[in-house]
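Chemist: Just passing along the structure, written as structure tokens.
The values are calculated or read from the model by the stated rules, or taken from the named source; none is laboratory data. Treat the numbers as computed from the prediction; the structure is a model and nothing was measured. So basically every Cβ, Gly included, is an ideal-geometry build from the backbone, and we count neighbours across all protein chains shown.
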Amino acid sequence: MQLTSGAYQQGTEIPVRYTCEGDNISPEFSWRDAPGETQSFALIIHDPDAPRPGGFTHWILYNIPGRVRSIQENVAKNEVGTQGRNDADNVAYLGPCPPSGTHRYYARLFALDSILKLPPGANHEELTEAMEGHILARAELMGKYSKQAKHAA
């Protein structure tokens, strides 16, 4: 399975538009080569470089229907799938906003063999636990971001 975005390529800079310094909207993602038996997808965007134990989860989206192969930018709350709770305790996308330096942001897509029995607002830990034993395939796309010099601390 392969995950791509029209906003950025593997290992490149995430455009300001998708960050706290821009419009803070979710980027577009698309994928291909998912297993035929996929019932749903889950997407997690995580910053392992955040200065807190375990990093910082920016976005959680799950129960994306198995027939879906893309997510448009600026996804509305219930447009596709179910949104989870990010580490800022919001049920929404939260764009990159590193306090200093360049951080890596991993978008990880999971193809699952079931629809997860999770209510809206599940956190990263709850989603990870619910996915256990149901992951058919996974794909990853990493982008980087550092605040613009005039805004950096």
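Chemist: Sort out which residues of the range 98-133 are under 15 Å from Thr82 (Cβ atoms) and assigned to a loop (DSSP other than H, G, I, E, B), and write them in order of number.
Modeler: Ser114, Ile115, Leu116, Lys117, Leu118, Pro119, Pro120, Gly121, Ala122, Asn123
Chemist: Consider Glu79 carefully, then state whether it is at pLDDT below 95, within 16 Å of the chain's Cα centre (by Cα) and of a type in the set (Asp, Glu).
Modeler: Yes; evaluated as a whole, the condition is true for this residue.
Chemist: Still on this structure: For the range 122-129, does any single residue satisfy the condition of being crowded, with 19+ Cβ neighbours inside 10 Å, more than 15 Å from Met1 (Cβ to Cβ) and of a type in the set (Gly, Ala, Ser)?
Modeler: Yes, the range 122-129 contains a residue that is crowded, with 19+ Cβ neighbours inside 10 Å, more than 15 Å from Met1 (Cβ to Cβ) and of a type in the set (Gly, Ala, Ser).
For every residue, the table says whether it meets (1) within 13 Å of the chain's Cα centre (by Cα); (2) part of a strand (DSSP E or B); (3) buried (at least 21 other Cβ atoms within 10 Å of the Cβ).
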{"residue": "Gly11", "(1), (2), (3)": "no, no, no"}
{"residue": "Ser30", "(1), (2), (3)": "yes, yes, no"}
{"residue": "Pro35", "(1), (2), (3)": "no, no, no"}
{"residue": "Ala42", "(1), (2), (3)": "yes, yes, yes"}
{"residue": "Ile45", "(1), (2), (3)": "yes, yes, yes"}
{"residue": "Gly54", "(1), (2), (3)": "no, no, no"}
{"residue": "Thr57", "(1), (2), (3)": "yes, yes, yes"}
{"residue": "Ile64", "(1), (2), (3)": "yes, yes, yes"}
